[in-house]
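Right, one structure below, let's go through it.
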Amino acid sequence: MTIVRTRFAPSPTGYLHIGGARTALYCWLYARKTRGTFILRIEDTDLERSTPESVQAILDGMDWLNLNYDEGPFYQTRRFDRYREVIAQMLESGTAYRCYCSKERLELLREEQMARKEKPRYDGLCRNRGIAGEGSYVVRFKNPLEGVVEFDDQVRGRLAFSNAELDDLIIARSDGTPTYNFTVVVDDWDMNITHVIRGDDHINNTPRQINILRALGATPPLYAHVPMILGGDGKRLSKRHGAVSVLQYREEGFLPEALLNYLARLGWSHGDQEIFSMSELIEYFDIKDINRAPAAFNQDKLVWLNQHYMKTGDPEHVAKEFAWHMEKLGIDTRNGPELTEVIKAQAERTKTLREMAERSRYFYEPVQVSDEMKSHFTPELIPALMMLRERLAQLDVWTRESVHEVLASTAEIHGLKLGKLAQPVRIAVTGGTVSPPIDITMVLIGQKRVLERLEILRSQANMPDGVEGEGNAL
Ligand code: GLU
């Protein structure tokens, strides 16, 4: 039985985008499922477009998604000697040849072919010349002239390409550097890749790559081309549709497991199950269940999954990610409630960790009550609020039950519905009108801070000490 070896081979010319992450996930899942090996290969030979920042963004994205690789990262730019070696072998064995055709000649050829409405392609002049020319040259692969390249795409089914359609691909430029399709082939061969899972924008490269592999005496791997991801408007997903970079999803407050679960289902299914743990994904994932049709990105579903994982995920893990957001907002969480408790209280009412962080400042920092908010502290409420403060100050145990009891009985004494009292209290202790249930909110803020905030309310209301505030306006 062959041991499965998959690879994710991004070109570091931008961030790690959603489509790339999905490809990486499928490669990773298949390797994990089969107890095979998952390899990360950075295809950085395009020196003009590759940047160290993109390499870092890919590594950080993989790391955040927890898609660990067993081998790599390998960098193609560090393998130039190996590519040169293979090119020399191919020249030697006659599966490649030097082409001395000038730019001008190729340009002319192209124009003529276009004028005849033919597909522009190299005419094989140097292939047939048989003698060394002069000056600079490129190296071309001797593509078979006849026959058909066929392969069973693991997603698309059987595909066939006529060799007559494929011209002699340049494998080394005039400066000796190898070209893209060639480096992929050498690497897939050297790295013993058994399954190439990648975006279907590479389908047309596949027959060329298979031909080169065969010329090298290698057995081509199995190919699985995954359909693209569309935006809500049916067009290929791009920046226009919003976030496409994996790390941007992090910034926006998504949990990695929500994104992974979402990406797994975007283009693959297992019955109509929507929520999968990682171990379920590993168990159920199979290449043959990848959909043939392109999938449309649906932000609402991602949000729904995110909330699910915020509510049900391992609290320590969610807290780690939440801490990252709090730090980004400059909120020092060392002094205040446990993050896991805040998450428990907030998960139900927030969609993302960023939103949760934005709405959790008051647990850790002093609040500012705007004048508009202060208008909720109507004169008839002041005595109740002041009594509440006094009674809260006497509490020896600060629990949801004890706080609730004080709130309820104080409201009752003043002939108020609990909600009537709760809202101004909420404003006083959080600075706003939205928070988890008031008793939970107060417990989390802590007794000392709650009393301080209610105390500030008194001074703002220009109240004398004690509870007899009747008649005093704000
Ligand atoms: N480097 C290619 C890309 O980023 C992928 C090549 C491959 O998977 O064969 O699109």
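List of remarks:
- Put simply, of 348, 341 the only residue that is within 14 Å of residue 441 (Cβ to Cβ) and modelled with pLDDT under 95 is 348.
- Among the residues of the stretch 121-143, those identified as touching a residue at least 24 places away in the same chain (Cβ under 8 Å), over 11 Å from residue 167 (Cβ atoms) and not in a helix (DSSP H, G or I) are 132, 133, 134, 135, 136, 137, 138, 139.
- Residue count, the stretch 44-72 (criterion: closer than 19 Å to residue 32 by Cα, more than 14 Å from the chain's Cα centre (by Cα) and surrounded by fewer than 18 Cβ atoms within 10 Å (Cβ to Cβ)): 4
- Sub-7 Å Cβ pairs linking a first residue in the stretch 168-194 that is charged (D, E, K, R) and more than 16 Å from the ligand (Cβ to nearest atom) to a second residue that is open to solvent by 30 Å² or more (accessible area, probe 1.4 Å) and not in a strand (DSSP E or B), at least 6 apart or interchain, are 168/127; 168/142, ordered by first then second residue.
- Qualifying residue in the stretch 69-92 (condition: more than 15 Å from the ligand (Cβ to nearest atom), closer than 26 Å to residue 246 by Cα and touching a residue at least 60 places away in the same chain (Cβ under 8 Å)): yes
- Selection within the stretch 195-234: residues that are of a type in the set (A, V, I, L, M, F, W, C) and free of Cβ contacts under 8 Å to residues at least 60 places away in the same chain. The member of this set that is nearest to the ligand (Cβ to nearest atom) is 203.
- Pair list, Cβ < 6 Å and 6+ apart or interchain, from the stretch 429-456 residues that are touching a residue at least 40 places away in the same chain (Cβ under 8 Å) to residues that are open to solvent by 40 Å² or more (accessible area, probe 1.4 Å) and among the aliphatic types (A, V, I, L, M): 451/393
- Test: residue in the stretch 366-373 that is in contact with a Lys or Arg (Cβ under 9 Å, 6 or more places away or on another chain), more than 17 Å from residue 252 (Cα to Cα) and either crowded, with 16+ Cβ neighbours inside 10 Å or β-branched (Val, Ile, Thr) (or both): yes
- Of the candidates 118, 104, 150, 146, the single residue that is farther than 22 Å from residue 207 by Cβ and either part of a loop (DSSP other than H, G, I, E, B) or open to solvent by 30 Å² or more (accessible area, probe 1.4 Å) (or both) is 104.
- Meets criteria (among the aliphatic types (A, V, I, L, M) and in a loop (DSSP other than H, G, I, E, B)) for residue 395: yes
- For the stretch 23-35, taking the residues that are within 19 Å of the chain's Cα centre (by Cα) and open to solvent by less than 10 Å² (accessible area, probe 1.4 Å), the one that is nearest to residue 281 (Cα to Cα) is identified as 29.
- With respect to the conditions (1) within 14 Å of the ligand (Cβ to nearest atom); (2) buried (at least 17 other Cβ atoms within 10 Å of the Cβ); (3) under 20 Å from residue 228 (Cβ atoms), residue 38 lacks only one, and its number is (3).
The values are calculated or read from the model by the stated rules, or taken from the named source; none is laboratory data. All of these numbers come straight from a predicted model, not from anything done at the bench. Note: ideal-geometry Cβ built from the backbone for every residue, glycine included; neighbour counts use all protein chains shown. Just so you know, the surface numbers come from the protein's heavy atoms only, side chains and all, with ligands and any DNA or RNA stripped out. Shrake-Rupley method; radii C 1.70, N 1.55, O 1.52, S 1.80 Å.
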